[in-house]
Amino acid sequence: MGEMAQKISKTEQENLINMLQTAYAEEWLAYYQYWVGAKVAEGIERPKIVAEFYEHAEEELKHANWLAERIIQLGAVPLLNPKEWEDYAECQYDEPINPDTKVLVEQNLIAERCAIGRYQKICEITHDKDYETFRVSRKILKEEIEHEQEMEDFKKDFAHYK
């Protein structure tokens, strides 16, 4: 981290970097969960859900990029080995063994709620101590909340197909 950035950041750096590494790992797993889910999806509302899953996958990849940049700015290196992602992640990857769109939406809803908790926590510890990390995490939190709403909307739509 640059000299001035070190002076202005008032967070405990090791803890913050660990939280960002966890979020980074979870974003990669979320990317893959959405991407592979779109590939195997079957059932009700499939075309809409596949399109939404691809859109979310791209957003999760964008989040991973933002987190990697911030981790580097803070003087660390993002996780280099994909094998570490599941070890770091607290929001776990849920493989789409059942390709039913209802099941996939529920799996992604659970993952989004976990992500919302992660970014809320990062925002809480950085809001008045590390404005740049706060800005990045707040932007990601906003998109994760939107993802949750979209998954909930699909669940409501499913209720009409009884």
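The values are calculated or read from the model by the stated rules, or taken from the named source; none is laboratory data. Keep in mind that this is a model prediction, so the values were computed, not measured. Cβ atoms come from the backbone with ideal geometry, glycine included; neighbour counts cover every protein chain shown.
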Give me a count of the residues in the range 117-138 that are surrounded by fewer than 17 Cβ atoms within 10 Å (Cβ to Cβ) and of a type outside the set (D, E, K, R).
4
Do we have any residue at all in the range 38-61 that's out of contact with any Cys (no Cβ under 6 Å at 6 or more places or on another chain), farther than 30 Å from A159 by Cβ and surrounded by fewer than 16 Cβ atoms within 10 Å (Cβ to Cβ)?
no
Counted residues, the range 125-162 - those being over 29 Å from K48 (Cβ atoms), assigned to a helix (DSSP H, G or I) and more than 12 Å from the chain's Cα centre (by Cα)
8
Among the candidates I122, I110, which residue alone is under 15 Å from the mean Cα position of the chain (by Cα), more than 15 Å from A23 (Cα to Cα) and assigned to a helix (DSSP H, G or I)?
I110
How many residues are over 11 Å from the mean Cα position of the chain (by Cα) and either under 15 Å from P82 (Cβ atoms) or not in a helix (DSSP H, G or I) (or both) if we restrict to the range 33-61?
7
Looking at (1) closer than 25 Å to Q13 by Cβ; (2) surrounded by fewer than 17 Cβ atoms within 10 Å (Cβ to Cβ), which is the only condition D100 fails?
(1)
E69 fails exactly one of the following numbered conditions: (1) at pLDDT below 95; (2) within 14 Å of Q21 (Cα to Cα). What is the number of that condition?
(1)
